[in-house]
Amino acid sequence: MSRAFNFSAGPAVLPLEVLEATRQAVFDFNGLGMSIMEMSHRSKEYDAVIKETQADCLKIMGLSADEYAVLFLGGGAHMQFYTVPFNFLRTKANYINTGVWATGALKEAKKLGNATEIASSKDANFNYIPKEYKVDDDADYLHITTNNTIYGTAWATDFDENVKIPVVADMSSDMFAVKRDYSRYDLIYAGAQKNIGPAGVTMVVIRKSFVEKRRDIVYPKMLDYKMHIEKESMLNTPPCLPIYVVGQTFKWILKNGLENIEANNRKKAAILYDCIDGSNGFYTPTVSNKEDRSLMNVTFQIKGGNDDLENKFVKEARARHNMANLKGHRDVGGLRASIYNACLNEWVEALTKFMEEFRKENI
């Protein structure tokens, strides 16, 4: 099978060896004569899968199982938008709004209490990361979204020790794209379908001492982090196959090394941004501040937003080179190339070659 050059923002490209391992496990897991989709989640064989996946996650992050728990839950990041304040919003929470998903998280928190937007980049269509803001030292937590798939922005650095309150981060679209000081975060959640697996499971990494600060919760138990930890992420039947794929992806990350993956991501992004910046205005980046540019989602326009040329670009990229999913998000238009961890360097090089050809043909 000839693989398409898949630049989808999610569900997104997975490493080929992960797909091959999954294909085998779907048919016959470890020679047991049954698919991993047919196994009991209570079996010793599947228990080993989920526990190894949790352990590998913490190994990648450099965190201790004594301090942090790893959960695999349903409902996507949208469920976490509500679950976080449901557990931890007592008096007030601080939110920095950098796009659609950050807006969604803030909206859900406001349903439960005093959720304050301490900074926003909405004034410029979310095309930058706010630099000026004051964190309330008496807030229950600070929430950020580290990467913004629609607008192509990302937080370049972690928060330092000057932030005294717990930090919660939605890392759905750049989880394990770069090496971070994960100990600076008290709760991280990520929909798997960008960098760590397929759609259908959400990973939560949470500091155990933070869980003890949660509100007194009577119901519903499915929104209680402590209950999920006590039940070892098996309060209900977990999404077994997606968790297996996540586990295989973690092994791929460990084999390649997070530092090497970050270096490669920076190389791929530089190739693409250099092509855009060097096009004499034919291609225009939607994020002008280089410091704020996403390594995962490169957003751009043709001649400042020429719909006809952009539609032609998308069609010809697919027809001529089997390049898929280059159309920008429906809310903002334009073009977008998502170049997650498993996106090959050759794909980015092929894309920039086509971009240069297209520019010359349509200048």
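Do you know which residues across segment 17-40 are closer than 28 Å to residue 349 by Cβ, in contact (Cβ under 8 Å) with a residue 12 or more places away in the chain and not acidic (Asp, Glu)?
18, 21, 22
Among the listed residues 42, 3, 90, which satisfies the condition of being surrounded by 15 or more Cβ atoms within 10 Å (Cβ to Cβ) and part of a loop (DSSP other than H, G, I, E, B)? Spell out the reasoning first.
Values: 42 fails: surrounded by 15 or more Cβ atoms within 10 Å (Cβ to Cβ); 3 fails: surrounded by 15 or more Cβ atoms within 10 Å (Cβ to Cβ).
Only one candidate qualifies: 90.
For the list (1) among the hydroxyl-bearing types (Ser, Thr, Tyr); (2) open to solvent by 40 Å² or more (accessible area, probe 1.4 Å); (3) within 24 Å of residue 36 (Cβ to Cβ), I need the number of the one condition that residue 209 fails.
(3)
Restricting attention to strands (runs of 3 or more DSSP E) lying wholly within segment 276-363, give those where 3 or more residues are closer than 21 Å to residue 10 by Cα. Please lay out each step first, then the result.
Working: elements: 283-285, 297-302, 335-338.
Output list reads 297-302, 335-338.
I'm trying to understand the selection: among the residues of segment 262-289, which are open to solvent by 60 Å² or more (accessible area, probe 1.4 Å) and more than 20 Å from the chain's Cα centre (by Cα)?
274, 277, 280, 288, 289
Residue by residue through segment 52-80, note down the ones that are free of Cβ contacts under 8 Å to residues at least 60 places away in the same chain and in a helix (DSSP H, G or I).
If the condition is that a residue be free of Cβ contacts under 8 Å to residues at least 60 places away in the same chain and in a helix (DSSP H, G or I), then 55, 78 are the ones that fit.
Check off (1) β-branched (Val, Ile, Thr); (2) in a helix (DSSP H, G or I); (3) open to solvent by less than 20 Å² (accessible area, probe 1.4 Å) for residue 96 and give me the number that stays unchecked.
Of (1) β-branched (Val, Ile, Thr); (2) in a helix (DSSP H, G or I); (3) open to solvent by less than 20 Å² (accessible area, probe 1.4 Å), only one is false for residue 96: (2).
Can you say whether residue 160 is open to solvent by less than 20 Å² (accessible area, probe 1.4 Å) and either free of Cβ contacts under 8 Å to residues at least 12 places away in the same chain or acidic (Asp, Glu) (or both), as far as the supplied structure shows? Reasoning before the result, please.
Values: open to solvent by less than 20 Å² (accessible area, probe 1.4 Å): no; either free of Cβ contacts under 8 Å to residues at least 12 places away in the same chain or acidic (Asp, Glu) (or both): yes.
Against the criterion (open to solvent by less than 20 Å² (accessible area, probe 1.4 Å) and either free of Cβ contacts under 8 Å to residues at least 12 places away in the same chain or acidic (Asp, Glu) (or both)), residue 160 does not qualify.
Would you mind telling me which numbered condition in (1) in contact with a helix residue (DSSP H, G or I) (Cβ under 6 Å, 6 or more places away or on another chain); (2) open to solvent by 30 Å² or more (accessible area, probe 1.4 Å); (3) over 30 Å from residue 36 (Cβ atoms) residue 248 fails?
(3)
Would you mention how many residues in segment 6-39 are of a type in the set (A, V, I, L, M), in a loop (DSSP other than H, G, I, E, B) and surrounded by fewer than 16 Cβ atoms within 10 Å (Cβ to Cβ)?
The first filter runs over segment 6-39 and keeps only residues of a type in the set (A, V, I, L, M), leaving 9, 12-14, 16, 18-19, 21, 25-26, 32, 34, 36-37, 39.
With the extra rule that they be in a loop (DSSP other than H, G, I, E, B), the set shrinks to 9, 12-14, 32, 34, 36-37, 39.
Now restrict to residues that are surrounded by fewer than 16 Cβ atoms within 10 Å (Cβ to Cβ): 32, 34, 37.
Final tally of qualifying residues: 3.
Within segment 121-139, count every residue that is open to solvent by 30 Å² or more (accessible area, probe 1.4 Å) and under 23 Å from residue 78 (Cβ atoms).
2
Going residue by residue through segment 229-242, is there one that turns out to be modelled with pLDDT of 95 or more, in contact with a His (Cβ under 8 Å, 6 or more places away or on another chain) and not in a loop (DSSP other than H, G, I, E, B)?
So far as segment 229-242 goes, yes, one or more of its residues are modelled with pLDDT of 95 or more, in contact with a His (Cβ under 8 Å, 6 or more places away or on another chain) and not in a loop (DSSP other than H, G, I, E, B).
Which of the residues that make up segment 163-197 are surrounded by 16 or more Cβ atoms within 10 Å (Cβ to Cβ), of a type in the set (Gly, Ala, Ser) and over 19 Å from residue 131 (Cβ atoms)? Can you show your working first?
To start, the set of residues in segment 163-197 that are surrounded by 16 or more Cβ atoms within 10 Å (Cβ to Cβ) comprises 165-180, 182, 185-197.
Checking the rest, the ones that are also of a type in the set (Gly, Ala, Ser) come to 169, 172-173, 177, 190-192, 197.
Passing the criteria: 172, 173, 177, 190, 191, 192, 197.
Across segment 148-167, which residue is nearest to the chain's Cα centre (by Cα) among those that are of a type in the set (Val, Ile, Thr) and not in a loop (DSSP other than H, G, I, E, B)? Give the steps one after another, and end with the answer.
Pass one, segment 148-167, residues of a type in the set (Val, Ile, Thr): 149-150, 153, 157, 163, 165, 167.
Cutting the leftovers down to not in a loop (DSSP other than H, G, I, E, B) gives us 153, 167.
Details: 153: 12, 167: 17 Å.
The residue in question is 153.
Looking at this structure, is residue 280 in contact (Cβ under 8 Å) with a residue 60 or more places away in the chain and among the polar types (S, T, N, Q)?
Working: in contact (Cβ under 8 Å) with a residue 60 or more places away in the chain: no; among the polar types (S, T, N, Q): yes.
No; evaluated as a whole, the condition is false for this residue.
Within the bounds of segment 5-14, is there any residue that is touching a helix residue (DSSP H, G or I) at 6+ places or on another chain (Cβ under 7 Å), of a type outside the set (Asp, Glu) and farther than 30 Å from residue 321 by Cα?
The answer is no; no qualifying residue exists.
Would you confirm, using the coordinates I've provided, whether residue 209 is small (Gly, Ala, Ser) and over 18 Å from residue 154 (Cβ atoms)? I'd like the intermediate steps shown before the answer.
Values: small (Gly, Ala, Ser): yes; over 18 Å from residue 154 (Cβ atoms): yes.
For residue 209, the condition - small (Gly, Ala, Ser) and over 18 Å from residue 154 (Cβ atoms) - is met.
Has segment 215-223 got at least one residue that is of a type outside the set (D, E, K, R), modelled with pLDDT of 95 or more and in contact with an Asp or Glu (Cβ under 7 Å, 6 or more places away or on another chain)?
Within segment 215-223, none of the residues are of a type outside the set (D, E, K, R), modelled with pLDDT of 95 or more and in contact with an Asp or Glu (Cβ under 7 Å, 6 or more places away or on another chain).
The values are calculated or read from the model by the stated rules, or taken from the named source; none is laboratory data. These numbers were taken from a predicted model, which means no experiment stands behind them. Methodologically, a virtual Cβ is constructed for each residue, glycine included, from the backbone with ideal geometry; neighbour enumeration extends over all protein chains shown. Just so you know, the surface numbers come from the protein's heavy atoms only, side chains and all, with ligands and any DNA or RNA stripped out. Shrake-Rupley method; radii C 1.70, N 1.55, O 1.52, S 1.80 Å.
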